[in-house]
Amino acid sequence: MKKWIIIAVVVAGLAVLGVIIADRVQSTLAARAAEVPQDLPPPAVEVAPAVVRDFAKTTRVTGEVQARRSVPVFARLAGRVEEVGPDIGQPVAKGALLVRLDEGDLAWRKKQAEAQVRAASAAVNQARVQAAAAKTELDRSKALYGKSALPKADLDRAQAAYDGAVAGVNAARAQVGVAQAAAGLAGQAVEWTTVESPIDGVVLSRKAEVGDQVTPAQPVYEVQDQSALVLRVQVPPAALATVAVGRAVTFTVDGLPGRTFGGAVTAVAPAAERDTRRVVVEITADEPHEGLLPRMFAAVELAVARWEGVVAAPRRALVKLTDGDAVYVVRDGKAVRMPARADIGDADFVALGEGARAGDPVIVAGQNNLREGGPVTVVARVDAAEAAEPPTKAGAGPRAGAPATGEPRP
């Protein structure tokens, strides 16, 4: 029993002690609260006017710069290389020598075929003489037969001799055609030992040297016409409205940093690619294009959507909240929240939502943790272009802060 009495006394003592400590803490907090001014001054902010701007949403597409024409050149005969033309990077004219092959016995075959043509022509002449003689004999036989001075059998023999002579002339003429065809093939074979450039251009590669054995299966040269360079890119269907033939575009090249090249759309494929469902678009580079070479990778920014006459604010005014993007504008000395469209804009400005008006003073510095409808003090006014410039010192108040993030103050 004494044990329980002791416990009860201890518990009662602790309760009294807790009451005393709580009273002292409350007194201390009240004293400190009395020391803090109850009316805090309104937050100091910097404002810039909302402006009207046009925006475009772009997509980046890449492709390879190509020569308009790049022609692999093949030898039409197998043979040993006797002579080669210009080397890599050198200009070449259409019809210029690239490779000459050893003619071997092709020239003799050509001479033999030409001799056979002459022999066949002589045979034609001989057959004509024989046909003329047969015609004379046939005419004489017909005259005698008409006078009943020649038997019918002799007339028939004369007719048969003439018909045979005419057939001989036709056969000789056919042999001339055969001989001429053989001579033509032999002559063409000789011509094919010389490989010429099919276009004006520059030598991209030379794949044959003197002494090499080449075949028609492998190219001996590749020649490019680099007078016109084109960029072929695959464009999503959403951007097709902005890539009509004739539209001017600009593009950059990975290997040439800091340079921008101009061009114009010269062709749009009539159907999408089966694998990507994108459409191939050809862009021809403007002249001059020094430094731009085939097989370089290039990138083009194409507009997929446009917005004109949009009320916008400097992007640094943007506040990202849990229920959406917004900015604060000052109306009647108070901070009024205005919805923003962070997905519409550019690097410097962002579109404002419904209710925004051009000229509205948008808070661009000091907007951290503002309270909707709370009073603010405007300490500076700048134009929109100045406000859009990157701040010089992050984390400070007006004229210094980056776009604010976080929750509004209750």
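The values are calculated or read from the model by the stated rules, or taken from the named source; none is laboratory data. Here the structure is a predicted model, which is why all the values come from computation and not from measurement. Virtual Cβ from ideal backbone geometry, glycine too; neighbours counted across all protein chains shown.
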(request) Among residues belonging to the range 209-245 that are of a type in the set (S, T, N, Q) and either under 30 Å from Ala78 (Cα atoms) or buried (at least 16 other Cβ atoms within 10 Å of the Cβ) (or both), point out the one that is farthest from the chain's Cα centre (by Cα). (result) Gln213
(message) Just to confirm my filter: which strands (runs of 3 or more DSSP E) fall fully inside the range 46-149 and include at least 3 residues that are charged (D, E, K, R) and within 41 Å of the chain's Cα centre (by Cα)?
(response) 51-74
(request) Select from the range 181-208 the residues that are surrounded by 18 or more Cβ atoms within 10 Å (Cβ to Cβ) and assigned to a loop (DSSP other than H, G, I, E, B) and list them in ascending order. (result) Thr193, Ser197, Ala208
(message) Can you tell me which of (1) free of Cβ contacts under 8 Å to residues at least 24 places away in the same chain; (2) assigned by TED's automatic domain parsing to the domain that holds Ala335; (3) surrounded by 14 or more Cβ atoms within 10 Å (Cβ to Cβ) is the one Arg315 doesn't meet?
(response) (1)
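Taking the options Val124, Val117, Val65, name whichever one is among the aliphatic types (A, V, I, L, M) and at pLDDT 80 or above. Before you say what the answer is, go through the steps one by one.
On the way: Val124 fails: at pLDDT 80 or above; Val117 fails: at pLDDT 80 or above.
Every option except Val65 fails the conditions.
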(request) For the range 113-131, name all the residues that are surrounded by fewer than 18 Cβ atoms within 10 Å (Cβ to Cβ) and under 15 Å from Gln188 (Cβ atoms). (result) Glu114
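Going through Ala365, Ala340, Ala351 one at a time, which residue ends up being surrounded by 19 or more Cβ atoms within 10 Å (Cβ to Cβ), over 26 Å from Thr58 (Cα atoms) and modelled with pLDDT of 85 or more? Lay out the reasoning, then the answer.
On the way: Ala340 fails: over 26 Å from Thr58 (Cα atoms); Ala351 fails: over 26 Å from Thr58 (Cα atoms).
Going through Ala365, Ala340, Ala351 in turn, just one is surrounded by 19 or more Cβ atoms within 10 Å (Cβ to Cβ), over 26 Å from Thr58 (Cα atoms) and modelled with pLDDT of 85 or more: Ala365.
Provide a single number: the residues in the range 342-391 that are closer than 24 Å to Pro42 by Cβ and of a type in the set (Asp, Glu).
Of all residues in the range 342-391, those closer than 24 Å to Pro42 by Cβ come to 352, 355-357, 359-384, 386-387, 391.
Pick out the ones that are also of a type in the set (Asp, Glu) and you get 360, 372, 383, 386.
So the answer is 4.
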(request) Considering (1) assigned to a loop (DSSP other than H, G, I, E, B); (2) over 23 Å from Pro236 (Cβ atoms); (3) touching a strand residue (DSSP E or B) at 6+ places or on another chain (Cβ under 6 Å), say which one Val310 fails and leave the rest. (result) (1)
